[in-house]
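Written below as structure tokens is the structure these notes are about.
What follows is calculated from the coordinates using simple rules that are stated; it is not laboratory data. Everything numeric here is computed off the predicted structure, so don't read it as measured data. Neighbour counts run over all protein chains shown; Cβ positions are idealised from the backbone, glycine included.
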Amino acid sequence: MLEDLKDRGFYQQSTHPEELAKRLKEERICCYVGFDPTADSLHVGHLIPLMGLAHMQRAGHRIIALMGGGTAMIGDPSGKTEMRKMLTEEQLQTNIEGMLPQLERFLDFSGDGILVDNAEWLRDLNYIDFLRDIGKHFSVNRMLSFETYKIRLESGLSFLEFNYQLLQAYDFLELNRRYDCTLQMGGDDQWANIISGTDLIRRVERKDAFGWTYPLLTTSSGKKMGKTEKGALWLDPKRTSAYEYYQYWVNTGDTDVEKFLALFTFLPMDEVRKLGQLKGADIREAKQRLAFETTALIHGNENALKAQQAAQSLFPGNSGDGKSDKSNVPSTKIAPENFSAGLGVFEIFLETGLCKSKGEARRLQAQGGVYVNDERIDNPDYCLGEADLQDGEIMLRAGKKRYHRLIFET
């Protein structure tokens, strides 16, 4: 199990690696990953812990998805240069409900898979008892030696955030007591929090406990995963459409394709390596497979197929009969009265989401990236009119690959 996940790229480091490998080989264990509900949707940055947990469940291990309804009220300082925004209990509950359908795309909670909220045991903690029973096991000197706190000390670390590591460690202890959970997994920026939990269990319960981290991924160009021109790439279809999601993955850099196929799909590694060996023009086949498989996981096969067909229709020569089905390309309907008044090109790029501001649209135009019906528009005062209509619609393009249809309502 461990070797397979290492092969796919899910392993950065672990506590007691030889002992953990032996345990995974010989018995069924219980493991968990925590998700703080800071938004009402997961995003691409959550995919590695989700996929890692799904692989563990598929291998027969018991899994726990821990929702941080309690810890999110404080905010994890790991990797942050400033304090997180405080959320109310109502906001956190709404966020958890929004994340649940995405979790269920990857994990099965109908059997012995567990979904639990740490608010169950954190919100009613007696502070004096907690400090006496748990706080005594933590060294302030050791905590301040962790990179997590070193970075924040420069900009200001609140006492509220300083408690986060204790609470995450207590989560692991509580899950160990309730469900015999012996393994916590998470991104490598969670290493300090994770080993604090393993140490706490070993000291308090006199039991073995393990930590395992995933690498923090960027693209080969150094960009953070899941960042697009419109912001984060969300797993909620209301925030990011199947077409936009597909487009993100089909535009993966050539050098990242094999790595992403291994991490973000369940394809066998033999097939992953075969697709990763494609070169030149053939690499597009691997990118299309990556885009389809990842989109199907989130949006289902039918929507993934529609997104694929929409993407292919926008490339010349992909439809053999000379016609293209653009029905699945993101679109906006324009009322006749709005159209007759004239539509400024920057305004419409803002309204359709192709740009986040008119300033961004101007910069895009200066770089030669504003297109109407595949014609580059260099005039900043250009207004769309009837002359731009083609079969009752106008095709907008930002850069090389982001499209949006304007449909004239009749």
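Test of understanding: what is the full-extension gain from Asp236 to Asn251, defined as 0.36 nm times their sequence separation minus their Cα-Cα distance?
On the way: separation 15, 0.36 × 15 = 5.40 nm, distance 2.01 nm.
Stretched out fully, the Asp236 to Asn251 stretch lengthens by 3.4 nm.
Amide H to amide H, with H built 1.01 Å from N, Val370 comes under 5 Å of Ile377, Gly399, counting only residues 5 or more places away or on other chains. Take the Cα of Ser221, step 7 Å toward its Cβ, do the same at Lys358, and the gap between the two points is 2.9 nm.
Here the 3J(HN,Hα) profile of the range 130-144, calculated from phi with Karplus coefficients 6.51, -1.76 and 1.60 at θ = phi - 60°, is 4, 4, 5, 8, 10, x, 5, 8, 10, 9, 4, 4, 5, 4, 6 Hz, Gly and Pro shown as x. Compute the separation of the alpha-carbon centres of the range 341-400 and the range 88-156 and state it in Å as a whole number. Their Cα centres are 45 Å away from one another. Database note for the chain: Cys without another Cys beta carbon under 4.7 angstrom, Cys31, Cys355, Cys383. Each label was represented as a point 7 Å from its Cα along the Cα-to-Cβ direction; for Glu154 and Ile128 these points are 4.1 nm apart.
Ignoring the sites themselves, what is the longest stretch of the chain with no GluC sites (Glu not before Pro) in a DSSP loop and at most 12 other beta-carbon atoms within 10 Å? So the longest stretch without any such site is 206-408.
Of all DSSP-defined beta bridges confined to the chain, some 50% are antiparallel rather than parallel.
For Leu343, nonlocal amide neighbours, meaning residues 5 or more places apart or on other chains whose placed amide H falls under 5 Å from its own, are Leu384.
In the range 331-408, what percentage of the DSSP-assigned beta bridges are antiparallel, given to the nearest 5? Intermediate results must be reported in sequence, preceding the final value.
Values: 14 of 18 bridges.
For the range 331-408, the DSSP antiparallel bridge percentage is about 80.
With both labels modelled 7 Å from their Cα along Cα-to-Cβ, the Arg376 to Asp4 distance reads 5.1 nm.
Evaluate the charge dipole of the chain about its Cα centre and quote only its size in Debye, nearest 20, assuming +1 on the Cβ of each Lys and Arg and -1 on the Cβ of each Asp and Glu.
Working: 51 positive and 60 negative charges, 189 e Å.
Result for the chain is approximately 920 debye, rounded to the nearest 20.
Residues whose amide H lies under 5 Å from that of Asp117, counting only those 5 or more places away or on a different chain, are Met67; hydrogens are built 1.01 Å from N in the peptide plane.
What value does the chain have for Rg/Rh, both radii from Cα atoms and Rh as Kirkwood defines it? Kindly include the intermediate steps, with their values, before the conclusion.
Values: Rg = 24.5 Å, Rh = 23.8 Å.
Result for the chain is an Rg/Rh of 1.03.
Where does each of Trp191, Trp234 land when they are ranked from fewest to most other beta-carbon atoms within 10 angstrom? Mind dumping the intermediate values first?
Working: Trp191 21, Trp234 25.
Fewest to most other Cβ atoms nearby, the residues stand as Trp191, Trp234.
3J(HN,Hα) couplings calculated from phi for the range 117-126 with the Karplus curve 6.51 cos²θ - 1.76 cosθ + 1.60 (θ = phi - 60°) are, in sequence order, 10, 5, 4, 4, 10, 8, 6, 10, 5, 7 Hz; Gly and Pro show x.
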